[in-house]
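Student: Just passing along the structure, written as structure tokens.
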Amino acid sequence: MKLLNRSLLKKLELKCLLMVPIFSLVSIFQCFAQVDSNSVNLLLNSNFDFHSFQNHRFGEPKSFSSHNVAFWNTSEWGDIETIRESHVSDAIRPKFSTHNMVAIYPGKKLWQFFTLPEAGLAHGDELMLSVHGYQRKGNQIKAKVKIMKLDSEDGKWSPQDFGMTDKRTFPRHSRGELVVADEYVGVDEKEGSTYIDIKDVVINGKISKGDISNSKDINAIGIQVEFENVAATDTVWVYAPKLSRTAPNTVGPPEPRKMNSYYKHIPRTIQKLWKGEPIHIIVMGSSIDVGSANPPMYLYDENASSGSFKTPVAEGLFDSEKVNRPDLDGYFGEWRHYFTYSGRLKRELMRKFNLRSDQICLNFMAIGGSSIGEAHSGLKEYCSLSIPPGPGSNGHKEGSTWEELYPELFARNEGPRPDLVIFGSGANEKTDTPDEVAVFEGSIRYIQQHYPNTEFLFCQFQNYGGYTPSPGDMQALSLRYQIPYIDYGKIGDDLVRWTNKYAFVPSDGHPQAAAHYVWFKQIEKAFETWNPIETGQAQLQLPERLHENTYGWEGEMVAFDSTSTRIRGNKFIFEDNAINCWGKVDSEPPIPYIDGIEFSSRRSSPTRNLRNSMFRHGRTRLGDRHILEIKGDNPVLTYVDSKINPNRRFFPMDNPNWNINGINTEEFVSEWGAPYGSKMMTLKPGKYLEIDVLGTDLSIAYVDNPHGGILDVYIDGELKLSQPSNVGFVDIDRKTNFLENRKGILNLGYGMHKVRLEAKNSAVKVLGVFSYDVRPNRDAERRVTGLASGGEVLEFSLPFKARPFVICGGGLSVETEDISKSSVKFSGGSGSFEIIGE
């Protein structure tokens, strides 16, 4: 630690000129350019701007102060108060304009942390901190600049040596929180108005290569600026802080760091936090998001002057007494949940917005080994809080009910529905690569359909810039849905230049507590608010889909177990386009096949887990039959979750809307659980079947048999499909199976479609027709309304994409054959009409 007394501010411009003898005018201008560059303030929000929500929460006519300052931190709500200068007495405020001033109460402090890349800093850079203030007595304000580094000491260690259960050995780095590499302190003996400056702050750094720890390393990655009130009873004031370079610099930031107003992209969540309303936050992701790590994320002794510094103190279940936080009892299941980026976020939101533990439900859906495809099986249960609190289930302590933990959440009119969903990692087994964006998008749209106006936040983990391709998907979704994307991956990648990468993220790829802190500091920015508040930008609800496969992932999940006739040993016919499955083989790993194409899985998983499955898939064509098979020694499917696409209807052969043309309905005995119904008609050459259906896409279900003919499908009078029905399915055992089948006829446009089926060469066994409405929303829907009389012909000014749906009221009626894309001829008497199409 270096203690620096107050010194006179030297005129840097004059110093620069005196250093130069008789140089050209250009050289002088360059020198001044360096001064301007060095004068850039590296602190965010040096004006201490804030937003006061007390007026909104309590109806108090007070907006000139707050106990929270944007981009600055305190230990507790109420440690400080930021006040507009016009409300501070003349004896305290300066003669110059300073916008806002911060009162720091006795024994409290205010600080700001940022990483070196965020400020364009590097090892070897020299800094200076200055701050104006007011103190009743000298030396009551203590200003500090801390160079923060990652833990690294010589040798290896084993948790069992300190009473922990893990017997493995690890390099002695990345243990617990960041460490102070060097500390520079400034005070002023003057009473009253004061000015403190700290000069000659050097960012020292030393980095070793490889997965080894080294005591000589200085893995300096960040700066922390603190202002502390060391007085016992007096309040001190600080204002106009500035952190800048002191050495010549021509490559640093050309302008002050930008305060990005991410908050305006989650306006519903922010308003609830301002108002003090309870909120439900779901954390999606994998082991990284839930805090799994190697070694486990222990509670360490973080007292640098202690003889047991950086030794583990506690493991396993969270104990609120060990961190003197009885208010958190019940709200964290294990220590790892407490130390995650999201666990830190909950605690910080409590501080920033003066909330209690029971007002922020942090629901960990993330689990080790999980991917977004697997998570689809648990969306319904996690969004509805159907699974009781538990450490392994949702990051909570076991023993209480959700209603006991969050009574206000259940008392609100909208119930305990999710308010915010955070996408963190979720980067394990990939699903449908390179089209995994559809899987992410499907989860978003599922939640939007069931819980409109739920907001989303993207802040994905990346290790060394190449851990997962998912950030590219999230950035694309950010554009389409107007969801804020905070690029932690860029910060994490840039940091590796200034540290041993294994000290930041160990070789197993799971970040430890210090890396979670850096991650948290990025996502925290989404909740920083300050005046003037910018106009909110609501996220788009169900916009045009980004990927065509999304439709197959956004529907309801239907579960089948081994007792279901739908599971045929190691085989299963999809409901529509996407599945999750569980099963086992005697020799690992199980090898999944979709429609005869080989894929891969990691291991047997016979037990249904809502966040971990054996295999998942959804990269399939709409309307076609899709078959899952598992190959291996004694392969068995134990559970299958299959998605049913939204707005799907099935018209079996006994549906009265069919024009059956005198053909009799028969029973169909399925060996696959009758996914397409148990009624059948045998369509012979020369006969036809007809039905009018409403939708955008169709699927024709039939039965393959060795003597089947060709099924001709006419849609609105146009031949769209000639499908042979005598081609069997060859399974992985090379056996030919003749079973139910179906084929999709797509992109017909929304409207009424006349389906006509005819057989050619030989009879075809028909099971029915599926209709789908795949429109992403109703933006392109057209409605024409009015009054008309029978015999009247209405010509549309713009033809519909397909034959529209016509609703008549009163005495007015219409025959199906009198409706076309361009006109409609009414029948009957007089009445009203509504015409719906695209």
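Student: Using only Cα atoms, find the angle between the long axis of helix 513-523 and the longest principal axis of the chain, and express it within 0 to 90 degrees, rounded to the nearest 10.
Tutor: The angle comes out near 70 degrees.
Student: Also: Specify the inter-centroid distance of region 735-758 and region 605-659, based on alpha-carbon positions, in whole Å.
Tutor: Going from one Cα centre to the other spans 18 Å.
Student: Sort the following peptides by mean Cβ neighbour count (other Cβ atoms within 10 Å, averaged over residues), highest first: 599-607, 88-96.
Tutor: By packing density, highest mean first, the sequence is 599-607, 88-96.
Student: Calculate the FRET efficiency for Lys825 and Tyr688 from the Cβ-Cβ distance with a Förster distance of 22 Å, rounded to the nearest 0.05.
Tutor: With a Förster radius of 22 Å, E is 0.35.
Student: Using Cα centres only, tell me the gap between region 785-800 and region 666-732 in whole Å.
Tutor: 36
Student: Another question, if that's okay. Could you work out how much longer the chain between Asp633 and Ser305 gets when fully extended? Use 0.36 nm per residue separation minus the Cα distance between them, nm to one decimal.
Tutor: Result: 112.2 nm gained on full extension.
Student: Quick one: helix 470-481 against the long Cα principal axis of the chain, what's the angle to the nearest 10°, folded into 0 to 90?
Tutor: Between helix and principal axis, roughly 80 degrees.
Student: Could you work out how far apart the two model spin labels at Arg356 and Lys167 are, taking each label as a point 7 Å from the Cα in the direction of the beta carbon, and quote it in nm?
Tutor: 4.6
Student: I would also like to ask the following. Rounding to the nearest 10 and keeping the result within 0 to 90°, find how far the Cα-based axis of helix 25-38 lies from the longest principal axis of the chain.
Tutor: 70
Student: As a test of understanding, state the convex hull volume per residue of region 484-539 from its alpha carbons, in Å³.
Tutor: Spelled out: Cα convex hull of region 484-539, divided by residues, is 104 Å³.
Student: Taking amide H positions as placed in the peptide plane 1.01 Å from N, state which residues far from His510 in sequence (5 or more) or on other chains have amide H under 5 Å from it.
Tutor: Amide H to amide H, under 5 Å and 5 or more residues apart or across chains, His510 pairs with Asn294.
Student: Select from Tyr517, Pro391, Gly330 the residue farthest towards the positive end of the dipole of the chain; place +1 on Cβ of Lys and Arg, -1 on Cβ of Asp and Glu, and compute about the Cα centre.
Tutor: Value: Tyr517.
Student: Could you sort the peptides 316-328, 123-135 by per-residue average Cβ neighbour count (10 Å cutoff), highest mean leading?
Tutor: In descending order of packing, they fall as 123-135, 316-328.
Student: For region 584-641, what does the alpha-carbon gyration tensor say about shape, rounded, prolate or oblate, given a ≥ b ≥ c as the root eigenvalues, a/c under 1.5 as rounded, and a/b over b/c as prolate?
Tutor: Note, shape of region 584-641 comes out oblate.
Student: Related question: Loop-only check: which trypsin sites (Lys or Arg not before Pro) in region 689-756 are DSSP coil with at most 14 other Cβ within 10 angstrom?
Tutor: Those satisfying the criteria are Arg734, Lys735.
Student: Sort region 274-527 into rounded, prolate or oblate with this rule: let a ≥ b ≥ c be the square roots of the eigenvalues of the Cα gyration tensor; rounded if a/c is under 1.5, and if a/c is not under 1.5, prolate when a/b is larger than b/c, oblate otherwise.
Tutor: oblate
Student: What nm distance separates the two modelled labels at Lys801 and Asp494, each placed 7 Å from Cα along Cα→Cβ?
Tutor: 4.3
Student: Between their Cα atoms, which of Lys490/Lys643; Lys149/Lys352; Lys167/Lys571 are more than 31 Å away from each other?
Tutor: Too far apart for the 31 Å limit: Lys490/Lys643; Lys167/Lys571.
Student: Quick one: putting +1 on the C-beta of Lys and Arg, -1 on the C-beta of Asp and Glu, what dipole do you get for the chain around its Cα centre, in Debye to the nearest 20?
Tutor: 1380
Student: Amide H of Tyr331 versus every other amide H placed in the peptide plane: which residues, excluding those fewer than 5 positions away on the same chain, fall under 5 Å?
Tutor: Here the answer is Lys397, since their amide H atoms fall under 5 Å of that of Tyr331.
Student: Now for a different question. For Phe364, Phe668, what ranking results if the residue with the fewest other Cβ atoms within 10 Å of its Cβ goes first?
Tutor: Listing Phe364, Phe668 from fewest to most nearby Cβ atoms yields Phe668, Phe364.
Student: Additional query: Asn737's amide H: which non-local residues (gap 5+, or another chain) put their own amide H closer than 5 Å, with H modeled 1.01 Å from N in plane and none for Pro or chain starts?
Tutor: Phe729, Val730, Asp731
Student: Could you tell me how far the Cα centroid of region 73-100 sits from the Cα centroid of region 297-368, in Å?
Tutor: Region 297-368 and region 73-100 have Cα centres spaced 31 Å from each other.
Student: Something else: With θ set to phi - 60°, apply the Karplus curve 6.51 cos²θ - 1.76 cosθ + 1.60 along region 105-111 and write out the HN-Hα couplings as whole Hz, x wherever there is a Gly or Pro.
Tutor: Running phi through 6.51 cos²θ - 1.76 cosθ + 1.60 with θ = phi - 60° gives 7, x, x, 10, 8, 10, 8 Hz.
Student: Beta carbons within 10 angstrom, averaged per residue: use that to sort the peptides 830-836, 46-52, 204-210, highest first.
Tutor: My ranking of the peptides, most packed first, is 46-52, 830-836, 204-210.
Student: Using bins 10 angstrom wide from zero, how does P(r) for the chain break down, in % of all Cα pairs?
Tutor: 2, 11, 17, 20, 17, 12, 9, 7, 4, 1, 0
Student: Give a residue-ordered list of calculated ³J(HN,Hα) values for region 458-464 (Karplus: 6.51 cos²θ - 1.76 cosθ + 1.60, θ = phi - 60°; whole Hz; x for Gly, Pro).
Tutor: Coupling constants for region 458-464: 9, 8, 8, 6, 9, 10, 6 Hz.
Student: Can you give me the Rg/Rh ratio for region 648-772, using Cα atoms for both radii and the Kirkwood formula for Rh?
Tutor: 0.95
Where a number appears in this text, it was derived from the coordinates with a stated rule and is not lab data. Here the structure is a predicted model, which means the values were calculated and not measured. Here Cβ is always computed from backbone atoms with ideal geometry, including for glycine, and neighbour counts include all displayed protein chains.
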